[in-house]
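Below: the structure, in C-alpha coordinates.
The values are calculated or read from the model by the stated rules, or taken from the named source; none is laboratory data. Because the structure is predicted, anything quoted here is derived from the model rather than measured. Every residue, glycine among them, receives a Cβ derived from its backbone with ideal geometry; neighbour counts consider all protein chains shown.
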Amino acid sequence: MRGQDTVYAVLLAAGAGARMGENKLALAFGGKTPLQLCYEAFLESQCPPERIVVAVSENTRAQALSLAEKDARVIVCTGGAARGASVLNALRALQKHGVEAGIAAIHDAARCLVPPAVIDAAVCGAREHGCGVAAIPMRDTVRDAKGTLLPRETLFLMQTPQAFDFARILAAYEAAEAGGLQATDDCAVYAAAGYALHFTEGSIMNQKLTYRQDLPFFRAACGASLPRVGFGEDTHALVPGRKLVLGGVEIPHETGLLGHSDADALTHAVTDALLGAAALGDIGMHFPDTDVRYRGISSLALLRETAALLRAHGFLPGNVDATVIAERPKLAPYIPAMREALAQALGMEASRISVKATTSEKMNDEGAEKCITARAVCTITYGD
(Lines give C-alpha, C1' and ligand atoms only; values in the text may rest on other atoms or scores of the structure.)
Protein backbone atom coordinates (compact mmCIF):
# COMPACT_ATOMS: atom_id res chain seq x y z
CA MET A 1 0.00 0.00 0.00
CA ARG A 2 1.31 3.40 -0.92
CA GLY A 3 2.10 5.80 1.89
CA GLN A 4 4.70 8.09 3.37
CA ASP A 5 7.18 5.22 3.69
CA THR A 6 6.78 3.79 0.19
CA VAL A 7 10.06 3.90 -1.73
CA TYR A 8 10.44 5.00 -5.35
CA ALA A 9 13.81 4.70 -7.07
CA VAL A 10 15.06 7.16 -9.66
CA LEU A 11 17.98 5.84 -11.70
CA LEU A 12 19.77 8.47 -13.75
CA ALA A 13 21.15 6.98 -16.96
CA ALA A 14 21.06 9.91 -19.38
CA GLY A 15 24.62 11.21 -19.08
CA ALA A 16 26.81 11.59 -22.14
CA GLY A 17 29.95 10.07 -20.59
CA ALA A 18 32.05 12.94 -21.98
CA ARG A 19 34.85 12.52 -19.45
CA MET A 20 35.04 8.79 -20.18
CA GLY A 21 35.15 9.44 -23.92
CA GLU A 22 32.55 6.75 -24.62
CA ASN A 23 29.15 5.56 -23.45
CA LYS A 24 30.21 4.27 -20.03
CA LEU A 25 26.75 2.84 -19.34
CA ALA A 26 27.20 0.44 -22.26
CA LEU A 27 30.22 -1.16 -20.58
CA ALA A 28 29.87 -4.48 -18.82
CA PHE A 29 31.32 -5.49 -15.46
CA GLY A 30 31.02 -9.15 -14.67
CA GLY A 31 28.68 -9.43 -17.65
CA LYS A 32 26.28 -6.73 -16.40
CA THR A 33 25.87 -3.08 -17.35
CA PRO A 34 25.98 -0.35 -14.70
CA LEU A 35 22.22 0.12 -15.03
CA GLN A 36 21.59 -3.59 -14.44
CA LEU A 37 23.87 -3.58 -11.39
CA CYS A 38 22.07 -0.57 -9.88
CA TYR A 39 18.67 -2.10 -10.54
CA GLU A 40 19.71 -5.31 -8.77
CA ALA A 41 21.17 -3.40 -5.80
CA PHE A 42 17.86 -1.65 -5.20
CA LEU A 43 15.96 -4.93 -5.40
CA GLU A 44 18.36 -6.49 -2.89
CA SER A 45 17.91 -3.67 -0.38
CA GLN A 46 15.75 -4.02 2.72
CA CYS A 47 13.33 -1.47 1.27
CA PRO A 48 12.83 -2.47 -2.39
CA PRO A 49 11.08 0.23 -4.43
CA GLU A 50 7.48 0.03 -5.57
CA ARG A 51 8.43 1.86 -8.75
CA ILE A 52 11.76 2.36 -10.52
CA VAL A 53 12.02 5.26 -12.94
CA VAL A 54 14.97 5.22 -15.34
CA ALA A 55 15.84 8.53 -16.98
CA VAL A 56 17.55 7.66 -20.26
CA SER A 57 19.29 9.02 -23.31
CA GLU A 58 18.98 7.37 -26.70
CA ASN A 59 22.15 5.45 -25.85
CA THR A 60 20.57 3.80 -22.82
CA ARG A 61 16.91 3.60 -23.82
CA ALA A 62 17.15 0.00 -25.09
CA GLN A 63 18.69 -1.16 -21.80
CA ALA A 64 15.93 0.47 -19.77
CA LEU A 65 13.18 -0.86 -22.02
CA SER A 66 14.62 -4.35 -21.61
CA LEU A 67 14.27 -3.98 -17.82
CA ALA A 68 10.73 -2.65 -18.23
CA GLU A 69 9.75 -5.69 -20.30
CA LYS A 70 10.79 -7.98 -17.46
CA ASP A 71 9.62 -5.88 -14.51
CA ALA A 72 6.33 -3.97 -14.52
CA ARG A 73 7.65 -1.69 -11.79
CA VAL A 74 10.09 -0.05 -14.20
CA ILE A 75 9.11 3.23 -15.88
CA VAL A 76 11.26 4.69 -18.64
CA CYS A 77 11.40 8.44 -19.18
CA THR A 78 13.55 10.68 -21.34
CA GLY A 79 16.33 12.48 -19.53
CA GLY A 80 17.14 16.14 -19.90
CA ALA A 81 20.11 18.14 -21.11
CA ALA A 82 21.42 18.37 -17.54
CA ARG A 83 21.20 16.17 -14.47
CA GLY A 84 18.58 18.34 -12.77
CA ALA A 85 16.30 18.18 -15.78
CA SER A 86 16.56 14.38 -15.79
CA VAL A 87 15.63 14.20 -12.12
CA LEU A 88 12.64 16.49 -12.61
CA ASN A 89 11.44 14.46 -15.60
CA ALA A 90 11.67 11.29 -13.52
CA LEU A 91 9.81 12.78 -10.55
CA ARG A 92 7.07 14.03 -12.86
CA ALA A 93 6.84 10.58 -14.41
CA LEU A 94 6.16 9.18 -10.94
CA GLN A 95 3.57 11.89 -10.38
CA LYS A 96 1.83 10.88 -13.62
CA HIS A 97 1.66 7.34 -12.26
CA GLY A 98 -0.25 8.57 -9.23
CA VAL A 99 2.59 9.09 -6.76
CA GLU A 100 1.94 11.93 -4.33
CA ALA A 101 3.84 10.89 -1.23
CA GLY A 102 6.63 8.57 -0.21
CA ILE A 103 10.41 8.46 -0.45
CA ALA A 104 12.24 9.24 -3.70
CA ALA A 105 15.71 7.65 -3.73
CA ILE A 106 17.68 9.31 -6.53
CA HIS A 107 20.74 7.46 -7.75
CA ASP A 108 23.36 7.87 -10.48
CA ALA A 109 23.59 4.71 -12.59
CA ALA A 110 27.34 5.40 -12.85
CA ARG A 111 27.58 4.44 -9.14
CA CYS A 112 26.93 0.83 -10.03
CA LEU A 113 28.79 -0.72 -7.09
CA VAL A 114 26.44 0.78 -4.50
CA PRO A 115 25.98 -1.66 -1.60
CA PRO A 116 22.33 -2.30 -0.71
CA ALA A 117 23.13 -1.22 2.87
CA VAL A 118 23.93 2.29 1.60
CA ILE A 119 20.51 2.42 -0.05
CA ASP A 120 18.87 1.28 3.18
CA ALA A 121 20.66 3.94 5.23
CA ALA A 122 19.64 6.75 2.85
CA VAL A 123 16.00 5.62 2.82
CA CYS A 124 15.91 5.37 6.63
CA GLY A 125 17.37 8.86 6.85
CA ALA A 126 14.67 10.21 4.56
CA ARG A 127 11.94 8.50 6.58
CA GLU A 128 13.21 9.99 9.84
CA HIS A 129 14.46 13.39 8.70
CA GLY A 130 12.90 14.01 5.28
CA CYS A 131 16.34 13.64 3.72
CA GLY A 132 19.02 10.95 3.66
CA VAL A 133 22.15 11.65 1.61
CA ALA A 134 24.84 9.00 1.27
CA ALA A 135 28.18 10.58 2.13
CA ILE A 136 31.64 9.61 3.35
CA PRO A 137 33.99 11.74 5.47
CA MET A 138 36.97 13.28 3.73
CA ARG A 139 40.05 11.17 4.53
CA ASP A 140 42.73 13.12 2.68
CA THR A 141 44.37 16.43 3.43
CA VAL A 142 42.58 19.09 1.39
CA ARG A 143 43.73 22.51 0.25
CA ASP A 144 42.03 25.05 -1.97
CA ALA A 145 43.53 26.49 -5.15
CA LYS A 146 45.45 29.09 -3.11
CA GLY A 147 47.00 26.42 -0.91
CA THR A 148 44.90 27.17 2.15
CA LEU A 149 44.40 24.11 4.32
CA LEU A 150 40.74 23.15 4.71
CA PRO A 151 39.50 21.36 7.85
CA ARG A 152 38.75 17.88 6.59
CA GLU A 153 36.78 17.14 9.77
CA THR A 154 33.98 19.30 8.35
CA LEU A 155 34.14 17.97 4.78
CA PHE A 156 32.18 15.11 3.25
CA LEU A 157 32.13 13.55 -0.20
CA MET A 158 28.60 13.38 -1.53
CA GLN A 159 27.41 10.12 -3.05
CA THR A 160 24.10 8.71 -4.17
CA PRO A 161 21.47 7.58 -3.48
CA GLN A 162 20.11 10.80 -2.11
CA ALA A 163 16.68 10.09 -0.68
CA PHE A 164 13.97 12.65 0.12
CA ASP A 165 10.36 13.12 0.99
CA PHE A 166 8.77 12.89 -2.46
CA ALA A 167 6.57 15.99 -2.25
CA ARG A 168 9.41 18.13 -0.91
CA ILE A 169 12.00 17.16 -3.51
CA LEU A 170 9.50 17.52 -6.36
CA ALA A 171 8.57 21.02 -5.18
CA ALA A 172 12.26 21.88 -4.70
CA TYR A 173 13.13 20.82 -8.24
CA GLU A 174 10.20 22.71 -9.71
CA ALA A 175 11.36 25.82 -7.84
CA ALA A 176 14.91 25.27 -9.08
CA GLU A 177 13.65 25.02 -12.66
CA ALA A 178 11.64 28.22 -12.29
CA GLY A 179 14.62 30.03 -10.74
CA GLY A 180 17.22 28.73 -13.17
CA LEU A 181 19.20 26.96 -10.45
CA GLN A 182 21.77 24.50 -11.79
CA ALA A 183 23.07 21.97 -9.26
CA THR A 184 25.34 18.94 -9.49
CA ASP A 185 23.41 16.94 -6.91
CA ASP A 186 20.00 16.74 -5.33
CA CYS A 187 20.82 17.87 -1.81
CA ALA A 188 21.89 21.26 -3.23
CA VAL A 189 18.40 21.67 -4.71
CA TYR A 190 16.82 20.47 -1.47
CA ALA A 191 18.90 22.87 0.65
CA ALA A 192 18.14 25.77 -1.69
CA ALA A 193 14.46 25.19 -0.93
CA GLY A 194 15.19 25.81 2.76
CA TYR A 195 15.35 22.24 4.05
CA ALA A 196 18.03 20.83 6.35
CA LEU A 197 20.33 18.08 5.12
CA HIS A 198 20.95 14.79 6.85
CA PHE A 199 23.93 12.66 5.86
CA THR A 200 23.86 8.87 6.02
CA GLU A 201 26.65 6.33 5.79
CA GLY A 202 28.08 5.93 2.31
CA SER A 203 30.76 3.50 1.20
CA ILE A 204 34.23 3.67 -0.32
CA MET A 205 32.95 1.05 -2.78
CA ASN A 206 30.27 3.44 -3.99
CA GLN A 207 32.57 5.15 -6.48
CA LYS A 208 31.31 6.94 -9.57
CA LEU A 209 32.44 5.60 -12.93
CA THR A 210 33.79 8.76 -14.57
CA TYR A 211 37.22 8.34 -16.17
CA ARG A 212 38.95 5.50 -17.99
CA GLN A 213 41.33 5.32 -15.02
CA ASP A 214 38.36 4.13 -12.96
CA LEU A 215 37.87 0.98 -15.03
CA PRO A 216 40.40 -1.32 -13.28
CA PHE A 217 38.73 -0.65 -9.91
CA PHE A 218 35.25 -1.45 -11.24
CA ARG A 219 36.44 -4.53 -13.10
CA ALA A 220 38.28 -5.87 -10.08
CA ALA A 221 35.26 -5.27 -7.86
CA CYS A 222 33.10 -7.31 -10.24
CA GLY A 223 35.67 -10.05 -10.76
CA ALA A 224 36.23 -8.88 -14.34
CA SER A 225 39.98 -8.41 -13.89
CA LEU A 226 40.57 -12.16 -14.13
CA PRO A 227 42.16 -13.33 -17.40
CA ARG A 228 39.94 -14.66 -20.15
CA VAL A 229 41.13 -17.67 -22.14
CA GLY A 230 40.58 -18.52 -25.80
CA PHE A 231 41.48 -21.46 -28.02
CA GLY A 232 42.08 -21.43 -31.76
CA GLU A 233 42.86 -24.09 -34.34
CA ASP A 234 43.48 -23.91 -38.06
CA THR A 235 44.45 -26.39 -40.77
CA HIS A 236 45.47 -25.72 -44.37
CA ALA A 237 46.34 -28.15 -47.13
CA LEU A 238 49.88 -28.30 -48.50
CA VAL A 239 50.01 -27.81 -52.28
CA PRO A 240 52.70 -27.09 -54.87
CA GLY A 241 53.14 -23.56 -56.14
CA ARG A 242 52.33 -21.77 -52.88
CA LYS A 243 54.62 -20.06 -50.37
CA LEU A 244 54.80 -21.59 -46.91
CA VAL A 245 54.16 -18.86 -44.35
CA LEU A 246 53.85 -19.57 -40.62
CA GLY A 247 53.77 -16.91 -37.93
CA GLY A 248 54.41 -14.29 -40.58
CA VAL A 249 57.70 -15.94 -41.59
CA GLU A 250 58.26 -17.34 -45.08
CA ILE A 251 59.88 -20.77 -44.85
CA PRO A 252 61.61 -22.41 -47.84
CA HIS A 253 59.75 -25.58 -48.83
CA GLU A 254 58.58 -27.35 -51.96
CA THR A 255 54.93 -26.91 -51.01
CA GLY A 256 52.92 -24.18 -49.34
CA LEU A 257 49.58 -23.75 -47.63
CA LEU A 258 46.44 -23.27 -49.70
CA GLY A 259 44.06 -20.50 -48.74
CA HIS A 260 42.36 -17.20 -49.62
CA SER A 261 44.95 -15.16 -47.73
CA ASP A 262 48.56 -16.24 -47.28
CA ALA A 263 47.06 -19.27 -45.42
CA ASP A 264 49.27 -18.72 -42.36
CA ALA A 265 47.74 -21.40 -40.15
CA LEU A 266 49.69 -20.36 -37.05
CA THR A 267 48.63 -16.73 -37.22
CA HIS A 268 45.05 -17.78 -37.97
CA ALA A 269 44.98 -20.00 -34.88
CA VAL A 270 46.29 -17.16 -32.70
CA THR A 271 43.74 -14.76 -34.20
CA ASP A 272 40.89 -17.17 -33.56
CA ALA A 273 42.02 -17.75 -29.97
CA LEU A 274 42.07 -14.01 -29.24
CA LEU A 275 38.63 -13.49 -30.75
CA GLY A 276 37.31 -16.45 -28.79
CA ALA A 277 38.69 -15.13 -25.50
CA ALA A 278 36.88 -11.85 -26.10
CA ALA A 279 33.70 -13.62 -27.29
CA LEU A 280 33.90 -11.63 -30.52
CA GLY A 281 33.23 -14.41 -32.99
CA ASP A 282 35.85 -16.06 -35.17
CA ILE A 283 38.26 -15.23 -37.96
CA GLY A 284 35.82 -16.24 -40.67
CA MET A 285 33.23 -13.80 -39.39
CA HIS A 286 35.62 -10.84 -39.40
CA PHE A 287 37.72 -11.76 -42.44
CA PRO A 288 35.59 -13.96 -44.72
CA ASP A 289 37.29 -15.80 -47.58
CA THR A 290 34.60 -14.41 -49.89
CA ASP A 291 35.92 -10.86 -49.46
CA VAL A 292 38.35 -9.86 -52.20
CA ARG A 293 40.07 -7.44 -49.82
CA TYR A 294 41.66 -10.38 -48.05
CA ARG A 295 42.85 -12.26 -51.14
CA GLY A 296 46.56 -12.93 -50.68
CA ILE A 297 46.75 -10.65 -47.64
CA SER A 298 49.37 -11.20 -44.96
CA SER A 299 47.69 -12.82 -41.98
CA LEU A 300 49.76 -10.57 -39.73
CA ALA A 301 47.65 -7.67 -41.04
CA LEU A 302 44.55 -9.53 -39.92
CA LEU A 303 46.14 -10.14 -36.52
CA ARG A 304 46.90 -6.42 -36.18
CA GLU A 305 43.27 -5.62 -36.96
CA THR A 306 42.19 -8.19 -34.38
CA ALA A 307 44.45 -6.62 -31.74
CA ALA A 308 42.91 -3.22 -32.49
CA LEU A 309 39.43 -4.70 -32.23
CA LEU A 310 40.24 -6.18 -28.83
CA ARG A 311 41.56 -2.87 -27.58
CA ALA A 312 38.43 -1.13 -28.82
CA HIS A 313 36.46 -3.50 -26.56
CA GLY A 314 38.74 -2.83 -23.60
CA PHE A 315 40.93 -5.94 -23.83
CA LEU A 316 44.70 -6.41 -23.93
CA PRO A 317 46.48 -9.58 -25.08
CA GLY A 318 48.04 -11.43 -22.17
CA ASN A 319 50.07 -14.32 -23.54
CA VAL A 320 50.08 -16.79 -26.43
CA ASP A 321 50.99 -20.48 -26.39
CA ALA A 322 50.89 -22.07 -29.84
CA THR A 323 51.86 -25.40 -31.36
CA VAL A 324 52.39 -26.16 -35.05
CA ILE A 325 51.95 -29.78 -36.18
CA ALA A 326 53.95 -30.46 -39.34
CA GLU A 327 55.98 -33.45 -40.52
CA ARG A 328 58.22 -31.21 -42.62
CA PRO A 329 59.98 -28.85 -42.81
CA LYS A 330 61.79 -28.55 -39.51
CA LEU A 331 60.51 -25.34 -37.95
CA ALA A 332 62.81 -24.85 -34.94
CA PRO A 333 65.20 -22.45 -36.76
CA TYR A 334 62.31 -20.15 -37.63
CA ILE A 335 60.53 -20.04 -34.28
CA PRO A 336 62.38 -16.97 -32.89
CA ALA A 337 61.39 -14.96 -35.99
CA MET A 338 57.79 -16.18 -35.67
CA ARG A 339 57.62 -15.03 -32.06
CA GLU A 340 58.97 -11.61 -32.97
CA ALA A 341 56.56 -11.20 -35.89
CA LEU A 342 53.55 -12.19 -33.81
CA ALA A 343 54.67 -9.94 -30.96
CA GLN A 344 55.00 -6.92 -33.24
CA ALA A 345 51.56 -7.51 -34.70
CA LEU A 346 50.03 -7.73 -31.22
CA GLY A 347 52.03 -4.87 -29.73
CA MET A 348 53.50 -7.00 -26.95
CA GLU A 349 56.80 -8.50 -25.88
CA ALA A 350 58.03 -11.66 -27.58
CA SER A 351 58.68 -13.06 -24.10
CA ARG A 352 54.90 -13.53 -23.74
CA ILE A 353 54.60 -15.59 -26.91
CA SER A 354 55.46 -19.27 -27.08
CA VAL A 355 55.62 -21.16 -30.37
CA LYS A 356 56.35 -24.87 -30.41
CA ALA A 357 56.59 -27.34 -33.27
CA THR A 358 55.92 -31.05 -33.31
CA THR A 359 55.17 -33.87 -35.75
CA SER A 360 52.36 -36.40 -35.71
CA GLU A 361 54.85 -39.27 -36.04
CA LYS A 362 53.80 -39.80 -39.66
CA MET A 363 50.19 -40.38 -38.62
CA ASN A 364 47.10 -38.54 -39.88
CA ASP A 365 47.10 -36.03 -42.71
CA GLU A 366 49.83 -33.96 -41.04
CA GLY A 367 52.08 -37.02 -40.96
CA ALA A 368 51.33 -37.71 -44.63
CA GLU A 369 52.37 -34.11 -45.41
CA LYS A 370 48.93 -33.30 -46.76
CA CYS A 371 48.44 -30.38 -44.41
CA ILE A 372 49.76 -28.36 -41.48
CA THR A 373 47.72 -27.69 -38.34
CA ALA A 374 48.25 -25.02 -35.71
CA ARG A 375 46.65 -24.74 -32.29
CA ALA A 376 46.84 -21.76 -29.95
CA VAL A 377 45.73 -20.81 -26.47
CA CYS A 378 45.65 -17.11 -25.59
CA THR A 379 44.77 -15.08 -22.55
CA ILE A 380 43.43 -11.54 -22.55
CA THR A 381 42.74 -9.10 -19.75
CA TYR A 382 40.81 -5.88 -19.44
CA GLY A 383 43.01 -2.86 -19.90
CA ASP A 384 43.17 0.71 -21.15
- Note on the structure: Residue count, segment 1-53, condition surrounded by 13 or more Cβ atoms within 10 Å (Cβ to Cβ), aliphatic (A, V, I, L, M) and more than 30 Å from Arg228 (Cβ to Cβ), comes to 7
- Query: Name the residues in segment 315-362 that are at pLDDT below 95, buried (at least 18 other Cβ atoms within 10 Å of the Cβ) and more than 33 Å from the chain's Cα centre (by Cα), would you?
  - Reply: none
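Condition check ((1) of a type in the set (Val, Ile, Thr); (2) at pLDDT 95 or above; (3) at negative phi) across all residues:
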| position | (1), (2), (3) |
| --- | --- |
| Glu153 | no, no, yes |
| Gln159 | no, yes, yes |
| Asp165 | no, yes, yes |
| Glu174 | no, yes, yes |
| Gly194 | no, yes, no |
| Gly202 | no, yes, yes |
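Among the residues of segment 218-236, write down those that are of a type outside the set (Lys, Arg), assigned to a helix (DSSP H, G or I) and surrounded by 15 or more Cβ atoms within 10 Å (Cβ to Cβ). I'd like the intermediate steps shown before the answer.
The first filter runs over segment 218-236 and keeps only residues of a type outside the set (Lys, Arg), leaving 218, 220-227, 229-236.
Subset that is assigned to a helix (DSSP H, G or I): 218, 220-221.
Within segment 218-236, Phe218, Ala221 qualify.
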- Item | Arg328 vs. criteria under 22 Å from Pro252 (Cα atoms), in a loop (DSSP other than H, G, I, E, B), in contact (Cβ under 8 Å) with a residue 60 or more places away in the chain and not acidic (Asp, Glu) | yes
- Considering residues of segment 290-314 that are surrounded by fewer than 19 Cβ atoms within 10 Å (Cβ to Cβ) and of a type in the set (S, T, N, Q) only, the residue modelled with the highest pLDDT: Ser298
- Only one of Ala263, Ala322 is of a type in the set (A, V, I, L, M), touching a Leu at 6+ places or on another chain (Cβ under 9 Å) and in a loop (DSSP other than H, G, I, E, B), namely Ala263
- Cβ-Cβ below 8 Å, separation at least six or inter-chain, first residue in segment 36-48 and of a type in the set (Phe, Trp, Tyr), second surrounded by 22 or more Cβ atoms within 10 Å (Cβ to Cβ) and in a helix (DSSP H, G or I): which pairs? Phe42/Ile119
- Task: Could you please find all residues in segment 89-113 being under 30 Å from Leu215 (Cα atoms) and either in a strand (DSSP E or B) or not polar (S, T, N, Q) (or both)?
- Result: Ala90, Ala104, Ala105, Ile106, His107, Asp108, Ala109, Ala110, Arg111, Cys112, Leu113
- Query: Is it true that Gly125 is more than 18 Å from Leu11 (Cα to Cα) and free of Cβ contacts under 8 Å to residues at least 24 places away in the same chain?
  - Reply: no
- Which one of these does Arg73 not meet: (1) in contact with a Lys or Arg (Cβ under 7 Å, 6 or more places away or on another chain); (2) within 18 Å of Leu170 (Cα to Cα)? (2)
